[in-house]
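Participant: After the structure tokens below, expect a handful of questions from me.
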Amino acid sequence: MLNRRRAIAALAALPLATMATAQGRLSRRSVTVAGQRIDYLVRYAGTARAPMLLCFGGGDANIGIAEYYDAVYTPESVYRDHHVILPVGVPGRLFYRFGDDDARGLLRALLAAEPISGRGLISGVSNGGRAAFRFAAAAPEAFRGFVTIPGALVGDAIPAAWRDYAVLLAYGTEDPRWKAETDRAYAALQGRVKALERVALAGQGHVVGPNFDVDPVYARLRGLEGR
């Protein structure tokens, strides 16, 4: 397996622009939504149009969190045919609190700015896992499933359009609070999506460590999609 994770660990002290040049595949761009600039990191699958893997980091999704998400939480051997897009949080706003209009506005802006086609996937951790539920509820037609590592439902009704979704809910065994949130989401989604699985990540806490291999998690999501 490549080692983007090792490369990022070695380059962690460099500014983003230097890191992007050294890696040759991570860049920072921006869109404007309702008059507000939102930056994002993007790693392209290639030059052709492709679905996106929309990734939400935890906390306030600041640039450091987005970089860590790219390094540790995005797959290296699975979904290589998806453009990886990691929105960077803006001060005073959390992505899981975006209303439908702003969530859809961000997605429209990304579709206009990037070579995205087809229905994509979402992944997220913590507040980003909440954002995965939020954006999938705001624009269910834009996606075909999501993975949270971990996440939580935040009051949204489960759209009927999720009936063909694949949903994977992962959590660390050392993170009891979010295991409970995962269990609650798992119960709510029973019979409401095409394929659903809950996965315990042995020995992991709320945030997985820098050497964690996330690819088996995404491989299980790929398996769910194939059911």
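Participant: Counting Lys and Arg as +1 and Asp and Glu as -1, each charge on the Cβ, what is the dipole of region 88-133 about the Cα centre in debye, to the nearest 20?
Facilitator: Dipole magnitude for region 88-133 comes out near 100 debye.
Participant: Sticking with this structure for a sec: Between Arg108 and Asn211, what is 0.36 nm times their sequence separation minus the Cα-Cα distance? Round to one decimal in nm.
Facilitator: Once the chain is fully extended between Arg108 and Asn211, it gains 33.6 nm.
Participant: Any chance you could list P(r) for the chain, counting all Cα-Cα pairs in 10 angstrom bins from zero, rounded to whole %?
Facilitator: 8, 36, 39, 15, 1
Participant: Given the chain, what percent of its DSSP beta bridges are antiparallel, to the nearest 5?
Facilitator: The answer is about 30 percent antiparallel.
Participant: Between Arg227 and Arg97, what is the spin-label point distance in nm, taking each point 7 Å from the Cα along the Cα→C-beta axis?
Facilitator: 3.5
Participant: How large is the convex hull of the Cα atoms of region 113-160 per residue, expressed in Å³ as a whole number?
Facilitator: 80
Participant: Which value, in debye to the nearest 20, gives the size of the charge dipole of region 108-227 about its Cα centre, when Lys and Arg are +1 and Asp and Glu are -1 at the Cβ?
Facilitator: Dipole magnitude for region 108-227 comes out near 340 debye.
Participant: While we're here: Among Val193, Leu86, Val72, whose Cα sits farthest toward the positive end of the charge dipole of the chain (+1 at Cβ of Lys/Arg, -1 at Cβ of Asp/Glu, about the Cα centre)?
Facilitator: Going by the Cα projections, it comes out as Val193.
Participant: Multiplying the sequence separation of Ala219 and Ala200 by 0.36 nm and subtracting their Cα-Cα distance, what value in nm do you get?
Facilitator: Here the answer is 5.4 nm.
Participant: Any idea how far the Cα center of region 128-191 sits from the one of region 193-227, in Å?
Facilitator: Answer, in whole Å: 13.
Participant: Something else about it: What ranking, highest mean first, results for peptides 128-135, 48-55 when packing means the other Cβ atoms within 10 Å averaged over each residue?
Facilitator: In decreasing order of mean packing, 128-135, 48-55 become 128-135, 48-55.
Participant: Using helices alone, I'd like the mean residue ellipticity at 222 nm for the chain: each DSSP H run of four-plus residues gives -39500 (n - 2.57), total over residue count, nearest 500.
Facilitator: Dividing the helical sum by the residues of the chain leaves -9500 deg cm²/dmol.
Participant: Could you compute Rg(Cα) / (2.2 N^0.38 Å) for region 19-117, with N its residue count?
Facilitator: For region 19-117, the normalised Cα radius of gyration comes out at 1.03.
Participant: In nm², what is the average projected area of the convex hull enclosing the Cα atoms of region 101-219?
Facilitator: Projected area, direction-averaged: 7.6 nm².
Values quoted throughout were computed directly from the atomic coordinates according to the rules given, and no laboratory measurement underlies them. Only a predicted model underlies this, so the values are computations on that prediction, with no experimental measurement involved. A quick note on method: Cβ atoms are made from the backbone with ideal geometry, for glycine too, and the neighbour counts reach across all protein chains shown.
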